[in-house]
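The values are calculated or read from the model by the stated rules, or taken from the named source; none is laboratory data. Predicted model, so just to flag it, every value in this text is computed and none were measured. With ideal geometry, Cβ positions are generated from the backbone for all residues, glycine too; neighbour counts draw on all protein chains shown.
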Amino acid sequence: MISNKLNKIAYGGDYSPEQWPQEIMTEDMRMFKLAGIDIATVAVFSWSLMQPDEETYQFEWLDEIMDKLYENGVYACLATSTGAHPAWMAHRHPDVLRVDFEGRKHTFGQRHNSCPNSPTYRLYAARLARKLAERYKDHPALAVWHVNNEYGGICYCDNCAKAFRVWLQQRYGSLDQLNKAWNTRFWGHTFYDWDEIVPPNLLSEHSAETRTTFQGISLDYQRFNSDGLLDCYLLEYNELKTVTPDVPVTTNMMWMFKQLDYAKWAKHVDVVSWDSYPSNTTPLSHVAMWHDVMRGLKDGQPFMLMEQTPSQQNWQAYNGLKRPGVMRLWSYQAVAHGADTVMFFQLRRSVGACEKYHGAVIEHVGHEHTRVFRECATLGGELQVLGDKLLGSRIEARVAIIIDWENWWAMEFSSGPTIDLSYMTELAKYYVAFYDQNIAVDMISVEADFSRYDVVIAPVLYMVKPGVADKLERYVEAGGRFVTTFFSGIVNESDLVTLGGYPGELRKLLGIWVEEIDALFPHMSNRIVMTEGREGFKKEYSSTLLCDILHTEGAEVWAEYGEEFYKGTPVLTRNSFGQGEAWYVASSPDKSFLADFATLLVKQAGIESVLAAPEGIEATRRVKDGQAYTMILNHNDSETEVNLGSNQRSELLGGQAVSGAVKIPAKGVWILEEASQ
Ligand code: GLA
Ligand code: ZN
């Protein structure tokens, strides 16, 4: 459970009545009731209202909001407001302002704008969190703490430079070690004094965001920045926990967000939460993957869907409306992947500034007779009927895909072999192969317990951190199935190449040696030609991006290249290792190859699909206390038939018993309750 106050899927979202005349709350509460809203995220950007100067704090306005919410059966997800500093603070204490990648010192404006190493920011942010905790510790509306908002951004100011040097001293101990780790004899960059080290931006090592001449320093700055923002979060977290140890604390994370090492961050949140803003053209499999990333961050624990839009965004290039039924469908998609809340940005559409055209439960017209409100109210009613059924239930996956932020940073800083390599694209390709077959996948870190899975896949594991190769060997030895791809095992955690042949530390496990790596131009492809007798596979497939040219050292060849001077050399290998097997996919294959490959892996492992169904039908299973809930989502624009088998099961949203061949309406959602096997 996220909080013992939330005994159903909490429903609501960002709410800013302080931007309105006070009376509006009465009307809002009436409409919240109509919509079944029972949680409101308040005070996300109200620092300037809470604190007009260094010494004065004013919370009376917030008292009223908190009281009113509670009187109306709405819990508060109370934010600490530190996501945007007040203008007076920037004016009087310019150290709170950031210096950007181009080296420009910013003036006051926007949000998510504070330097993480500003003494002023740290002092007042922690103090504000403390004041809030003390003021609301006994308030009955308080359910969850929401620290800051969407942490992110990088600062390159002098305070950050100083803090970076301290961080480096802690990491390396001596300049000697640092010079080795960064290989600074290259281009004569040897450092003799810590003060010679400057942040890597456009004024120093970079020519573009992912173009750096020294991967070592750039990689460390990513780590340092992620850690620095995490320190800021922890300052607040500790203040909150000192006063309210039992109130869960979260901070909202973002979609495919590269800058922060969320795996590291997640250790310090009580519950993971995130903001999901797909556009109408985002593949739903990619949204599903990111839900699974969020679920994986805390070992499968349910997460909060903190924000999504009820209808449209304002900040995308083309802000299409969510079509009828889609908001409901996507809300349940989050639940189907482990969300225990469904929340929006925003409950009431604002009157001014840049988000006035962002969707909201209550739109500018101000009443409930809108399509969006009606859809929100329908969903709110359903969540009330569902009650606590799904709450706290888990997804039991036997396939895992590894996601690693440091690997992401390092690989995309790499100068060569191709600019087209995208970690997320490669992860998604493998994820989709299982998603399309309704096979549950956990997105896990390299620190996770691999033994829980029958299949562990690490697409482009470019960086192999200390202990990981060993851990993988133990896993496979004991019977695990491991899959990795081209451009893996290349470097250590400092981005220094593991000498003695690629894939470095993974070479033994995979039973191969990669001699060369060919980069294909965008118009080029190669062919994957299966060797004799590979059941379940077509004769051949195509591949793009990179082609590793390899020699087997014990591995069995399952497919060979069909083109180029390396035609006839291995592109897919399988190495028996102990009780298990380790696969190497030496190029980036097409979708149909990955579909067939995934089929082979799950078949070998005896993993069954939640539901074999036509395209566009997504199915997941959440389980708790021996009770399974199968969620079936129809993403298609038309009614679609699926076969549920002979067992009678009750469908919770429509309240009927179902079995056999049934038709799921277009954009429809069914939740089947059954005893788990
Ligand atoms: C983010 C922020 C919100 C709001 C929404 C708009 O997720 O957290 O404050 O700006 O985007 O989509
Ligand atoms: Zn700074």
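Inspection of segment 529-540 identifies at least one residue that is buried (at least 18 other Cβ atoms within 10 Å of the Cβ) and under 33 Å from the mean Cα position of the chain (by Cα).
Every residue in segment 116-158 that is under 23 Å from the mean Cα position of the chain (by Cα), within 12 Å of residue 82 (Cα to Cα) and away from ligand 1 (no atom under 16 Å from the Cβ), please. Residue satisfying the conditions is 116 alone. One residue stands out in segment 143-159 among those that are over 12 Å from residue 306 (Cβ atoms) and in a strand (DSSP E or B): the one that is nearest to ligand 2 (Cβ to nearest atom), namely 145.
Screening residue 513 with (1) touching a strand residue (DSSP E or B) at 6+ places or on another chain (Cβ under 9 Å); (2) farther than 30 Å from residue 183 by Cβ gives one miss only, at (2). Being over 20 Å from residue 608 (Cα atoms), in contact with an Asp or Glu (Cβ under 8 Å, 6 or more places away or on another chain) and surrounded by fewer than 23 Cβ atoms within 10 Å (Cβ to Cβ) is a property that residue 474 lacks. Restricting attention to segment 426-472, the residues being among the aromatic types (Phe, Trp, Tyr), more than 12 Å from residue 403 (Cβ to Cβ) and part of a helix (DSSP H, G or I) number 3.
Residues that are surrounded by fewer than 15 Cβ atoms within 10 Å (Cβ to Cβ) and not small (Gly, Ala, Ser) number at least 2 in the following strands (runs of 3 or more DSSP E) confined to segment 587-652: 640-643. Residue 111 falls short of the stated requirement of being more than 29 Å from the chain's Cα centre (by Cα) and surrounded by fewer than 20 Cβ atoms within 10 Å (Cβ to Cβ).
Condition check ((1) under 29 Å from residue 80 (Cβ atoms); (2) within 16 Å of ligand 1 (Cβ to nearest atom); (3) within 26 Å of the chain's Cα centre (by Cα)) across all residues:
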{"position": "160", "(1), (2), (3)": "yes, no, no"}
{"position": "174", "(1), (2), (3)": "no, no, no"}
{"position": "186", "(1), (2), (3)": "no, no, no"}
{"position": "205", "(1), (2), (3)": "no, no, no"}
{"position": "208", "(1), (2), (3)": "no, no, yes"}
{"position": "214", "(1), (2), (3)": "no, no, no"}
{"position": "247", "(1), (2), (3)": "yes, no, yes"}
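Here segment 75-89 is the region considered, the condition is being away from ligand 1 (no atom under 16 Å from the Cβ) and in contact with a helix residue (DSSP H, G or I) (Cβ under 6 Å, 6 or more places away or on another chain), and the residue that is farthest from residue 384 (Cα to Cα) is 89. Residue count for segment 363-401 satisfying the condition of being in a loop (DSSP other than H, G, I, E, B), among the aliphatic types (A, V, I, L, M) and surrounded by fewer than 18 Cβ atoms within 10 Å (Cβ to Cβ): 1.
Among the residues examined, residue 378 does not qualify as more than 28 Å from residue 1 (Cβ to Cβ), at pLDDT 95 or above and either outside the structural domain of residue 597 (by TED's automatic domain parsing) or out of contact with any helix residue (DSSP H, G or I) (no Cβ under 9 Å at 6 or more places or on another chain) (or both). Are any of the residues in segment 167-182 farther than 30 Å from residue 48 by Cα, surrounded by 15 or more Cβ atoms within 10 Å (Cβ to Cβ) and within 15 Å of ligand 2 (Cβ to nearest atom)? Scanning segment 167-182, I find at least one residue that is farther than 30 Å from residue 48 by Cα, surrounded by 15 or more Cβ atoms within 10 Å (Cβ to Cβ) and within 15 Å of ligand 2 (Cβ to nearest atom), so the answer is yes. None of 466, 459 is closer than 17 Å to residue 517 by Cβ and not aromatic (Phe, Trp, Tyr) except 459.
All of (1) under 26 Å from residue 295 (Cβ atoms); (2) without any contact (Cβ under 8 Å) to a residue 40 or more places away in the chain hold for residue 440 with one exception: (2).
Which residues, taken from segment 290-329, are among the acidic types (Asp, Glu) and either within 16 Å of ligand 2 (Cβ to nearest atom) or under 13 Å from the mean Cα position of the chain (by Cα) (or both)? Hit for segment 290-329 is 292, nothing else. In segment 441-452, is there at least one residue being of a type outside the set (Asp, Glu), modelled with pLDDT of 95 or more and loosely packed, with under 15 Cβ neighbours inside 10 Å? Taking every residue of segment 441-452 in turn, at least one turns out to be of a type outside the set (Asp, Glu), modelled with pLDDT of 95 or more and loosely packed, with under 15 Cβ neighbours inside 10 Å. Scanning segment 330-349 for residues that are under 18 Å from residue 35 (Cβ atoms) and out of contact with any strand residue (DSSP E or B) (no Cβ under 6 Å at 6 or more places or on another chain), we see that the one that is nearest to ligand 2 (Cβ to nearest atom) is 349. Taken over segment 346-399, the criterion of being within 16 Å of ligand 1 (Cβ to nearest atom) and either touching a His at 6+ places or on another chain (Cβ under 7 Å) or within 30 Å of residue 452 (Cβ to Cβ) (or both) is satisfied by 346, 349.
Can you run down the residue pairs with Cβ atoms below 7 Å, 6 or more apart or on separate chains, where the first is in segment 278-290 and under 11 Å from residue 435 (Cα atoms) and the partner is surrounded by fewer than 19 Cβ atoms within 10 Å (Cβ to Cβ)? Close Cβ pairs satisfying both conditions: 284/635. When residue 112 is tested against (1) at positive phi; (2) touching a helix residue (DSSP H, G or I) at 6+ places or on another chain (Cβ under 7 Å); (3) within 16 Å of ligand 1 (Cβ to nearest atom), only condition (2) is not met. The lone criterion from (1) crowded, with 23+ Cβ neighbours inside 10 Å; (2) touching a strand residue (DSSP E or B) at 6+ places or on another chain (Cβ under 7 Å) left unmet by residue 32 is number (2). Of all residues in segment 96-132, those satisfying the criterion of being touching a strand residue (DSSP E or B) at 6+ places or on another chain (Cβ under 8 Å) and either of a type in the set (A, V, I, L, M) or at pLDDT below 95 (or both) are 96, 97, 99, 125, 132.
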